[in-house]
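*Asks:* For reference, the structure I am asking about is given below.
The values are calculated or read from the model by the stated rules, or taken from the named source; none is laboratory data. Keep in mind that what you see is a predicted model, and the values were worked out from it rather than measured. Quick reminder, even Gly has a Cβ in these numbers, built from the backbone with ideal geometry, and neighbours come from all protein chains shown. These area figures cover heavy atoms from the full protein model, side chains too; ligands, DNA and RNA do not enter into them. Shrake-Rupley method; radii C 1.70, N 1.55, O 1.52, S 1.80 Å.
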Amino acid sequence: MRIPCVYCGERGHEEFAYLGDATVQRPDASSATAAEWHDYGYVRDNPSGSHRELWQHVSGCRAWLVVTRDTRTHAILSVEAARDVALSREKAAP
Amino acid sequence: MNDAAPNAHSAAPARRLGDNAPLRLAEGGLIDRSRTLAFTFDGQRYLGHPGDTLASALIANGVRLVGRSFKYHRPRGILSAGPEEPNALVELRSGARREPNSRATTIELYDGLVAASQNRWPSLKYDLLSINGLAGPIIGAGFYYKTFMWPAAWWEKVYEPLIRRAAGLGRAAGVPDPDTYDKANLHCDVLVVGAGPAGLMAALTAGRAGARVVLCEDDFRLGGRLLLDRREIDGRSALNWVAATEAELAAMPEVRILRRTSVVATYDHGTYAAVERVNDHVAEPPSHEPRQRLWRIVATRCVVAAGATERPLVFPGNDRPGVMLAGAVRAYVNRFAAIPGRRAVVFATNDDAARTVDDLAHCGVDVVAVVDARPQASAVMADATQRASARHISGGAVTRVHGRLGVEAVDIRAANGATARVACDLVCVSGGWSPNVHLASHLGGRPEWDATLAAFVARNLPERMDLAGAAAGDLALADAFTQGHRAGSAAAEACGFSAASAPIPLLDPESTATSPLWRVTGTRGKAFVDFQNDVTTGDLELAHREGFRSVEHMKRYTTLGMATDQGKTSNVNGLALMAELTQTSIPATGTTTFRPPYLPVAIGTLAGHHRGKEFRPTRLAPTHTWAKEQGAIFVETGLWLRAQWYPTPGEKDWLESVDREVRAVRSAVGICDVSTLGKIDVQGPGAAAFLDFLYTNTMSTLAIGRARYGLMLREDGFVMDDGTVSRLGPEHYVVTTTTANAAGVMAHMEHAQQWLRPGLDVTLASVSEQWAQLSVAGPRSRDVLRAVVDPAHDISDAAFPYLAVAEVSAMGGIPARLFRISYSGERAYEIAVPAGYGDALVRALMDAGRAHGIVPYGTETLGVLRIEKGHVAGNEISGQTTARDLGLGRMLSRKKDFIGRALAERPALVAAGRPALVGLKPVDRSLRLRAGAHLVAQGAEPTAANDQGYVTSVAHSPTLGHWIGLALLSGGATRHGERVRVWDPVRSGDTLAEVCDPVFYDPAGERLHG
Ligand SMILES: [Zn+2]
């Protein structure tokens, strides 16, 4: 696979490390229930098709990336800097 | 490469045979007759020429029998002239360079080549194991699964050795390969796979447009089928066109031609793997050159012009030496000027084979009969037959082959059923051509059946890929040129170049008409579908009778297509026969899955330079050279090579050395390189809040110029790592990690920084490589440092107490960092200087310490010191232990959120009975404890049900004078003073130990302060 890093351009997948599902959100520590923490820690979907995933460009710029990938075809649909995604999510939160 | 005249094919008919090899034509062929190469096959010496393959040279020398088959040890000859060869597998070279299962059809001849046949015992001609042929029913389809099932214990002792001897392939060298293998990357606009007419045209078109082109050709010569067919392009020999095209491509600066290079795999997003046989065509690679090179090619566009593979016909005796593919026969007579026989029968289903009839007649081979399986007479075939003065049999079939070690005659059945025996020594067969769809199918696209072509063609191509020529099912040469041009233009244009149109060369007439024949019916005897794995029509019938209907099941049960050739000549015939048996259509039967690599690839090629010690990098500590001078014994810890201990003269074992080192630290001073610890610089206004989030304890309250022990959890609540956090300024911290977790902790921190806490203004940098850091430990440590740290810095206990940190200078102005932290429990410091000064620092400290009795110590002593103090390390921070398990529960802050806080509070992780850290002392103090031993209650049976924990770390404590251990014991914290049974079945240990506090030495921590 080739992943277009937002900072470095298209690079081979061997430069990246995979973490997993980028749709799970760390619960708010002040209010989260035990069940929410459990889901955050252990429950993941395994979609067939488009999936948002966290990758890190470990052998490159070290940026964490949110890669939207089709799990059936490996087509990379979009790549965003994880920090930008996280910041806009924080902004959107009430 | 131009070692033969380009117009060699057009030479006048050469009916005379040459003299150095009995079946070499006197003229023609793309071989260099000015040079002679000597080679041996099974010990017999033969001669050939540059331009030959081993197969062509054997044919020229009249060698027909080249191997024995896998299961039945049937005599086998050369079937093909390319990489699809299932039969002519040899052991190439000798000694450490011996390579089994090498295809004689692709081995380029060199002087001194040594090859041997496989699978024969005692000799190729008299193979005693060919009796397997009589025992056929025992080792038919599924024999792996049923014949040898009982008794199970016999499998390893009896069946497997027997089968391995009887049915096997070549022998590996058995010793390390002396050659090297390389790996490299290539990036291009257009990758063209195959340098036949379509590939050359595609490369030429894209190259002319200005695209960066990589052209890979499996063969050592460009031209593909133009090398083996006598064709005319623009009124001249096709070889002229090949030579001109090759010259034009070679002159283009952006075009790179890789000969002897097989593209073996397609990966996602335009990535391909190719194997270049850099030096397989010489006896030994020149020094500093690899034998093979594995290319990773990344291409914006790819044109696959990989050609097509001819299918054999399925009839009894179709595996006898002398039965050859019709196209391959053309290759031998035209390209190599070697005739595979003197009296030929051609048996085919298509007009393409008419070329074989013409070419055989052209070089003086007697074509006695042309058997066309098609009931409707083909004019093209009839004309060729007439030119060759041969008998023409329409709607006929070869029903039997006579001759034991090679073809002597065949039975030909005419359309009316009458059978006649015809003497011949060569049978040219063609069942049609299958496009090479592998590279187009590696990403999962299933090829589709094309009834007109009677072949599978690739559909649902990987993005960025195009097909041209025979690989696309365009079998006519005219189409190869047209489609090659189209694909080359499209590829160049997709890369932003504009391609000009070019005239398509004018060709001689051709016909590719074909009609399939999947098997000759109404016959008796073994008819082979898969030659290499010895799978017959009978095996497929048996599998079908036994209920194997799906193509994937049938393939595995019969092993059809599972040999080293992966069924290149057998899969389509096999599928068609399966369709017939299951009374379904071929498209409904479908194909099996295409997986890389297309050709067998040696493990050495995949490993490249990553062999032995070079399997992964070795990291050396900054004091490595100095430690080596001291005679240190080194140990691999992760990638690092660290000093394990420093033996001195007269010490009889490691224990004696380590005891001495420990005593020196406890009584005087010792020095140890701790640079391997991960060091991470944390800066910014958000640094304090960031570290509060990462560590279980609070770092924002840490005073500037102070250090604190820190504990990190994973989000699931288990301990991840520990280390020290030092504050150098209001917005500047430096933290350490364990050696093993340095990379993982860095990634974890970056994840927290960018994903979990993106709003914090904090910057991270790994500085592990930038600083050499030495631990100076022991009661005299300050005295030693006083002489090395520049005098301007006050390091008295008042100015620089336990857990103080300062940026200082040392050795006369070298910037340094000084930390008063202790792993040993003694007064201790760590001093860091820029990595390049590490060697100078260790020498300066040793000089300064000589008067104080300084000794260097290694990782063993480090371990003993920390076990005596009950400090946890990797053995205890195993990923399965919580902070409470390790006695560190007090470090879990209640006042803030941190990673792992919530899930660490789960009931099971705070349950009272969890294994917790304890110390162990053997009741009989003379006995040794062993890490890994399990703990059960005193007097209890040592069973899994009674298991109460295990010993994590042990050390011989010279301080206490006996062995001590750390262990995780159920409810351990409340069991101090109890005795437990320490059971070690692996090393026959069974002792009693006393449970105690894990801190064996100086529990009050008084020695830290001096
Ligand atoms: Zn990057």
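*Asks:* Between B:Ala418 and B:Ala247, what FRET efficiency follows from the Cβ-Cβ distance if R0 is 41 Å, with the result rounded to 0.05?
*Replies:* That gives a FRET efficiency of 0.15.
*Asks:* How much net charge surrounds B:Leu92 when only the other residues with a Cβ under 15 Å from the Cβ of B:Leu92 are counted, with Lys and Arg +1 and Asp and Glu -1?
*Replies:* Overall, the nearby charge balance is -3.
*Asks:* Hey, with R₀ at 41 Å, roughly what FRET efficiency would B:Arg786 and B:Phe615 work out to, going by the Cβ-Cβ distance, to 0.05?
*Replies:* 0.35
*Asks:* Compute the Rg to Rh ratio over the range B:205-346 from the alpha carbon atoms, using the Kirkwood formula for Rh, and round to two decimal places. Walk me through the numbers before you get to the answer.
*Replies:* Values: Rg = 18.4 Å, Rh = 18.0 Å.
Ratio of gyration radius to Kirkwood radius for the range B:205-346: 1.02.
*Asks:* Is the C-alpha gyration tensor of the range B:769-833 telling us rounded, prolate or oblate? Criteria: a/c under 1.5 is rounded; beyond that, a/b larger than b/c is prolate, otherwise oblate.
*Replies:* Verdict is oblate for the range B:769-833.
*Asks:* Would you mind classifying the range B:429-530 by shape? Square roots of the alpha carbon gyration tensor eigenvalues, ordered a ≥ b ≥ c; an a/c under 1.5 is rounded, otherwise it is prolate if a/b is larger than b/c and oblate if not.
*Replies:* The shape class here is oblate.
*Asks:* In Å, what is the Rg of the alpha-carbon atoms in the protein assembly as shown, and how long is Dmax?
*Replies:* 37.3, 115
*Asks:* Sticking with the crude label model, points 7 Å out along Cα→Cβ, report the distance from B:Leu606 to B:Arg236 in nm, one decimal please.
*Replies:* With each label placed 7 Å out from Cα toward Cβ, I get 4.6 nm.
*Asks:* Using helices alone, what [θ] at 222 nm do you get for chain B, with -39,500 (n - 2.57) per DSSP H run of 4 or more residues, divided over all residues and rounded to the nearest 500? Write out the running numbers ahead of the final one.
*Replies:* Working: 24 runs with 200 residues, N = 1010.
After summing the helix terms and dividing by residue count, I get -5500 deg cm²/dmol.
*Asks:* Moving to a separate point now. How large is the Kirkwood hydrodynamic radius of the range B:294-381, in angstrom, based on all distinct alpha carbon pairs?
*Replies:* One decimal place: 15.0 Å for the Kirkwood radius.
*Asks:* Please provide three numbers in whole Å: the alpha-carbon extents of chain B along the principal axes, with the largest listed first.
*Replies:* 113, 68, 55
*Asks:* A further question follows. Quick check on packing: order B:398-410, B:774-786, B:631-643, B:266-278 by the mean number of other C-beta atoms within 10 Å, highest mean leading.
*Replies:* Highest to lowest by the protection proxy: B:774-786, B:266-278, B:398-410, B:631-643.
*Asks:* Take peptide A:62-73, look around each residue's Cβ out to 10 angstrom, count Cβ atoms belonging to other protein chains, and average those counts.
*Replies:* 2
*Asks:* Which whole-angstrom value gives the distance between the alpha carbon centres of the range B:580-654 and the range B:936-1007?
*Replies:* Taking the Cα centre of each part, the range B:580-654 and the range B:936-1007 sit 36 Å apart.
*Asks:* What do you get for the angle between helix B:197-208 and the principal long axis of chain B? Use alpha-carbon atoms, 0 to 90 degrees, nearest ten.
*Replies:* Compared with the principal axis, the helix lies near 60 degrees.
*Asks:* Please sort B:228-240, B:358-370, B:987-999 by packing, taking for each peptide the average over its residues of neighbouring beta carbons within 10 angstrom, highest first.
*Replies:* Peptide ranking by packing, descending: B:358-370, B:228-240, B:987-999.
*Asks:* Quick check: convex hull of the Cα atoms in the range B:686-786, volume per residue, rounded to a whole Å³?
*Replies:* Normalising the Cα hull of the range B:686-786 by residue number yields 125 Å³.
*Asks:* Taking 2.2 N^0.38 Å as the expected size of a compact globular protein, what ratio does the Cα radius of gyration of the range B:834-900 give against it, to two decimals? Please report the intermediate quantities before stating the final value.
*Replies:* Numbers: Rg = 18.5 Å, N = 67, 2.2 N^0.38 = 10.9 Å.
Dividing the Cα radius of gyration by 2.2 N^0.38 Å gives 1.70.
*Asks:* Please list, by residue number, everything in the range B:760-788 whose backbone N is under 17 Å from a paramagnetic label point 7 Å out along Cα→Cβ of B:Asp847.
*Replies:* Backbone N within reach: B:784-788.
*Asks:* Have a look at the DSSP beta bridges in chain B and tell me what percent are antiparallel, nearest 5.
*Replies:* So the antiparallel bridges in chain B amount to around 75 percent.
*Asks:* Length gain on complete extension for the stretch B:Glu284 to B:Asp897, per 0.36 nm per residue less the alpha carbon to alpha carbon distance?
*Replies:* Going from the current span to full extension adds 214.2 nm.
*Asks:* How big is the dipole moment of the range B:946-1010 about its Cα centre under a simple scheme where the beta carbon of each Lys and Arg is +1, that of each Asp and Glu is -1, and everything else is neutral? Debye, nearest 20, please.
*Replies:* Rounded to the nearest 20 debye, it is 80 debye.
*Asks:* Just the number, please: percent antiparallel of the DSSP beta bridges in the protein assembly as shown, rounded to the nearest 5.
*Replies:* Of those bridges, close to 75 percent are antiparallel.
*Asks:* Report the extension gain between B:Ser700 and B:Gln938 in nm, rounded to one decimal, defined as 0.36 nm multiplied by the number of residues separating them, less their alpha carbon distance.
*Replies:* 80.9 nm
*Asks:* Here is a further query. Hey, can you rank B:85-94, B:750-759, B:544-553 by average C-beta count inside 10 Å, highest first?
*Replies:* Working: B:85-94: 23.6, B:750-759: 19.6, B:544-553: 14.7.
Averaged packing, sorted descending, gives the order B:85-94, B:750-759, B:544-553.
*Asks:* Taking every pair of Cα atoms in the range B:514-622, average 1/r, invert it to obtain the Kirkwood radius, and report Rg/Rh to two decimals.
*Replies:* Looking at the range B:514-622, the ratio lands at 1.25.
*Asks:* How do B:Lys183, B:Lys628, B:Lys895 stack up against each other in accessible area, from largest to smallest, with a 1.4 angstrom probe?
*Replies:* B:Lys895, B:Lys628, B:Lys183
*Asks:* Something else now. If you average the alpha carbon positions of the range B:877-903 and of the range B:201-237, how far apart do those two centres end up, in angstrom?
*Replies:* The range B:877-903 and the range B:201-237 have Cα centres separated by 68 Å.
*Asks:* So, one more: Less than 11 Å Cβ to Cβ from B:Ile59, Lys/Arg counted +1 and Asp/Glu -1: what total charge do the surrounding residues give?
*Replies:* +1
*Asks:* Thinking of the range B:667-722 as a set of Cα atoms, what percent of all their pairs are more than 18 Å apart?
*Replies:* I get 47 percent for the Cα pairs in the range B:667-722 exceeding 18 Å.
*Asks:* Once the mean 1/r over all distinct Cα pairs of the range B:892-1008 is inverted, what Kirkwood radius in angstroms do you read off?
*Replies:* 15.4
*Asks:* Relative contact order, percent, of the range B:297-442 when contacts are C-alpha pairs under 8 Å separated by at least 6 residues?
*Replies:* Relative contact order here is 32 percent.
*Asks:* Under 8 Å for C-alpha pairs, at least 6 residues apart: give me the relative contact order for chain B, rounded to a whole percent.
*Replies:* Reported as a whole number, the value is 9 percent.
*Asks:* For a test of the definition: using alpha carbon positions, the gyration tensor, and the 1.5 limit on a/c, classify the range B:694-738 as rounded, prolate or oblate.
*Replies:* Prolate, because a/c is 1.5 or more and a/b exceeds b/c.
*Asks:* About the Cα centre, and with charges only on the beta carbon of Lys, Arg (+1) and Asp, Glu (-1), how big is the dipole of chain B? Nearest 20 debye, please.
*Replies:* Numbers: 108 positive and 106 negative charges, 369 e Å.
The calculation lands at about 1780 debye.
*Asks:* Just checking the output field for A:36-47: average partner chain Cβ neighbours within 10 Å of each residue's Cβ?
*Replies:* Details: counts 1, 8, 4, 0, 4, 8, 2, 0, 0, 0, 0, 0.
Mean inter-chain Cβ contacts per residue within 10 Å come to 2.
*Asks:* Divide, for chain A, the radius of gyration over alpha carbons by 2.2 N^0.38 Å, where N is the residue count.
*Replies:* Here the Cα radius of gyration is 1.16 times the empirical estimate.
*Asks:* Taking only C-alpha pairs under 8 Å that are 6+ residues apart, what is the relative contact order of the range B:911-974 in percent?
*Replies:* Here the relative contact order equals 47 percent.
*Asks:* Assign unit charges at the C-beta atoms only (+1 for Lys and Arg, -1 for Asp and Glu), then state the dipole size of the range B:60-123 relative to its Cα centre in Debye, rounded to the nearest 20. Before the final figure, lay out the partial values.
*Replies:* Working: 10 positive and 6 negative charges, 77 e Å.
The dipole magnitude comes to about 360 debye.
*Asks:* I would also like to ask the following. How far apart, in nm, are two points set 7 Å out from the Cα along the Cα-to-Cβ line at A:Ala92 and at B:Asp383?
*Replies:* In this crude spin-label approximation the distance works out to 7.1 nm.
*Asks:* Another question, then. Considering chain A, which cysteines have no disulfide-compatible partner, defined as another cysteine with its Cβ under 4.7 Å away?
*Replies:* So far as the 4.7 Å Cβ criterion goes, A:Cys61 stand without a partner in chain A.
*Asks:* Please give the length that would be gained between A:Arg72 and A:Glu36 if that part of the chain were fully extended, namely 0.36 nm times their separation in residues minus their C-alpha to C-alpha distance (nm, one decimal).
*Replies:* Answer, rounded to one decimal: 10.0 nm.
*Asks:* Enter the mean number of other protein chain beta carbons within 10 Å of the beta carbon of each residue in B:744-757, as an integer.
*Replies:* Mean partner-chain Cβ count within 10 Å for B:744-757: 4.
*Asks:* If you don't mind, there's one more thing I want to ask. Give the percent of DSSP beta bridges with both residues in the range B:313-439 that are antiparallel, rounded to the nearest 5.
*Replies:* The answer is about 35 percent antiparallel.
*Asks:* So what does B:Arg616 come to for accessible area, using a 1.4 Å probe and Å² rounded to 10?
*Replies:* 110
*Asks:* What FRET efficiency comes out for the pair B:Arg404/B:Arg545, r = Cβ-Cβ distance, R0 = 25 Å, nearest 0.05?
*Replies:* Rounded to the nearest 0.05, the efficiency is 0.25.
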